[in-house]
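Note sheet for the following structure.
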Amino acid sequence: MDKIKDTRTFMRITHRYLGYFLAGIMAVYALSGVLLIYRDTDFLKNEKKYEKTIEKNLSEKELGKELKIKNLEIEKTEGDIVHFKQGTYNLTTGKADYAKKELPFLLDKMTKLHKAQSKDTLSPLNAFFGFALFFFVISSFWMFNPKTKAFKRGMVFTIAGLVVSIILLLI
């Protein structure tokens, strides 16, 4: 009985203080997650103009990759000047004049939290956050005595959350 009580006490205390620690991180992730939902719009974005000299005679695909413009499409070519929605590119000089809509610096950095790869400096934070959230899932089952109505009702909500998530993943 003491071992069960010790585990429950450990889980509750760790859950509590880890929760306080993660509150700030979760606020940033929540805000940046909402911003990512609207990444295909111009919501909160400002236009920034660029003038850059790049390699000459790039193809449409290479130009898009070099300028980091997704789905770049050449609209017309007049002599050596290629026109696309965001600007122009000179095939002979390699000069590109273009504009991109971007989030303000801090918001842009925040959205990168969700896009980090293992090689990025943010990856340890992402891994810690993921493991901490998983700990929250597990430790939440020690918040209530399994014989109580609150625990049993919580299990119903847990199952409902799993089912809804799986259905939405499969749609």
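The values are calculated or read from the model by the stated rules, or taken from the named source; none is laboratory data. This one's a predicted model, so the numbers in the text were calculated from it and none came from an experiment. Cβ placement follows ideal geometry from the backbone for every residue including glycine, while neighbour counts extend to all protein chains displayed. Note: areas computed on protein heavy atoms with side chains; ligands, DNA, RNA excluded. Shrake-Rupley method; radii C 1.70, N 1.55, O 1.52, S 1.80 Å.
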> Does E60 fit the bill of being exposed (fewer than 13 other Cβ atoms within 10 Å of the Cβ), over 22 Å from the mean Cα position of the chain (by Cα) and farther than 30 Å from F135 by Cβ?
Replying inline: no
> Pick from T14, T9: which is modelled with pLDDT of 90 or more and open to solvent by 60 Å² or more (accessible area, probe 1.4 Å)?
Replying inline: T9
> Can you pull out the residues in segment 63-90 that are part of a strand (DSSP E or B), closer than 23 Å to R39 by Cα and either open to solvent by 40 Å² or more (accessible area, probe 1.4 Å) or hydroxyl-bearing (S, T, Y) (or both)?
Replying inline: I74
>> Can you tell me how many residues within segment 40-54 are touching a helix residue (DSSP H, G or I) at 6+ places or on another chain (Cβ under 7 Å) and exposed (fewer than 14 other Cβ atoms within 10 Å of the Cβ)?
In response: 1
> What is the one condition in (1) loosely packed, with under 14 Cβ neighbours inside 10 Å; (2) touching a helix residue (DSSP H, G or I) at 6+ places or on another chain (Cβ under 8 Å) that L162 does not satisfy?
Replying inline: (2)
> Is it the case that T121 is touching a residue at least 40 places away in the same chain (Cβ under 8 Å), assigned to a loop (DSSP other than H, G, I, E, B) and hydroxyl-bearing (S, T, Y)?
Replying inline: no
